[in-house]
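Report on the structure given below.
The values are calculated or read from the model by the stated rules, or taken from the named source; none is laboratory data. The shown structure was predicted, so the numbers you read here are calculated from the model rather than taken from an experiment. Ideal geometry is used to build each Cβ from the backbone, glycine not excepted, and the neighbour counts take in all protein chains shown.
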Amino acid sequence: MARLPIPRTVWTNPIHFLAFGFGAGTSPIAPGTCGTLIAVPLYLLLNHFSVFIYSIILLAVIIIGIGLCDVTERAVGIRDHSGIVWDEIAGFLLTMLAAPQGIKWIIIGFILFRIFDIWKPQPIRWLDQHIHGGLGIMVDDLLAAVYAWIILHILALFF
């Protein structure tokens, strides 16, 4: 698969910089995974808040992300450019909502989210193909995060 061009505006436009995950989406290898990695320190900062405050911040990340991704997608001119990774950041943060504490759970959440985000079981694949713009960029990752969240919390019941 040919590598998509990285727009110069990633480094000059704050909206594009954020949509590209603070530049993580410019990685030539696995930009989505790099975007998810950027979410880990953000999670570590946020996980000290109550679930209520964490949820409010997460909701803001999602709503802002829809706009960031929409504006950046239109400016770049490539539908769901692989470098736009704000959706991975939001997805990982959703996966980790009310997750058990500890590095083990961060790793498990990371792996589960990446599995569902890459695999895209139905209806994630359908959403990815039929919903466009900023909402389309975000919605498939958020549903992948819901799947990962469910599995993570089931695992937490037994381990």
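Only residues that are aromatic (F, W, Y) and either modelled with pLDDT under 95 or crowded, with 20+ Cβ neighbours inside 10 Å (or both): list them for the range 94-118, please.
Start the filter on the range 94-118 by keeping residues that are aromatic (F, W, Y), which leaves 105, 110, 113, 116.
Residues satisfying the conditions are F110, F113, F116.
Just to be sure I understand, how many residues within the range 27-46 are assigned to a helix (DSSP H, G or I) and either under 15 Å from the mean Cα position of the chain (by Cα) or at pLDDT below 95 (or both)?
If we filter the range 27-46 for residues that are assigned to a helix (DSSP H, G or I), which is where we start, we get 31-46.
Narrowing further to those that are either under 15 Å from the mean Cα position of the chain (by Cα) or at pLDDT below 95 (or both): 31-43.
Residues flagged as assigned to a helix (DSSP H, G or I) and either under 15 Å from the mean Cα position of the chain (by Cα) or at pLDDT below 95 (or both) within the range 27-46 amount to 13.
Take the range 86-126 and flag every residue that is outside any helix (DSSP H, G or I) and either touching a Pro at 6+ places or on another chain (Cβ under 6 Å) or small (G, A, S) (or both). Please lay out each step first, then the result.
Step one: list which residues in the range 86-126 are outside any helix (DSSP H, G or I), which gives 96-102, 120-123.
Selection gives A98, A99, G102.
Name the pairs: first residue in the range 137-159 and buried (at least 23 other Cβ atoms within 10 Å of the Cβ), second residue of a type in the set (K, R), Cβ to Cβ under 8 Å, at least 6 apart or on different chains?
Every condition considered, the pairs that remain are D140/K120; D140/R125; A144/K120.
I131 - would you say it is under 26 Å from L44 (Cβ atoms) and at pLDDT 95 or above? Step through it out loud before you land on a result.
Working: under 26 Å from L44 (Cβ atoms): no; at pLDDT 95 or above: yes.
So I131 fails the test.
So which of F52, F17, F22, F110 ends up being free of Cβ contacts under 8 Å to residues at least 12 places away in the same chain, of a type in the set (F, W, Y) and closer than 22 Å to G136 by Cα? Can you show your working first?
Values: F52 fails: closer than 22 Å to G136 by Cα; F22 fails: free of Cβ contacts under 8 Å to residues at least 12 places away in the same chain; F110 fails: free of Cβ contacts under 8 Å to residues at least 12 places away in the same chain.
Going through F52, F17, F22, F110 in turn, the sole match is F17.
Which ones in the range 109-138 are of a type in the set (V, I, T) and in contact with a Leu (Cβ under 6 Å, 6 or more places away or on another chain)? I'd like the intermediate steps shown before the answer.
At the first step, the residues of the range 109-138 found to be of a type in the set (V, I, T) are 111, 115, 118, 124, 131, 137.
Of everything in the range 109-138, just one residue is of a type in the set (V, I, T) and in contact with a Leu (Cβ under 6 Å, 6 or more places away or on another chain), namely I124.
Could you check the range 70-85 and list, in sequence order, the residues that are crowded, with 16+ Cβ neighbours inside 10 Å, out of contact with any Leu (no Cβ under 8 Å at 6 or more places or on another chain) and part of a helix (DSSP H, G or I)?
Scanning the range 70-85 gives V71, T72, E73, V76.
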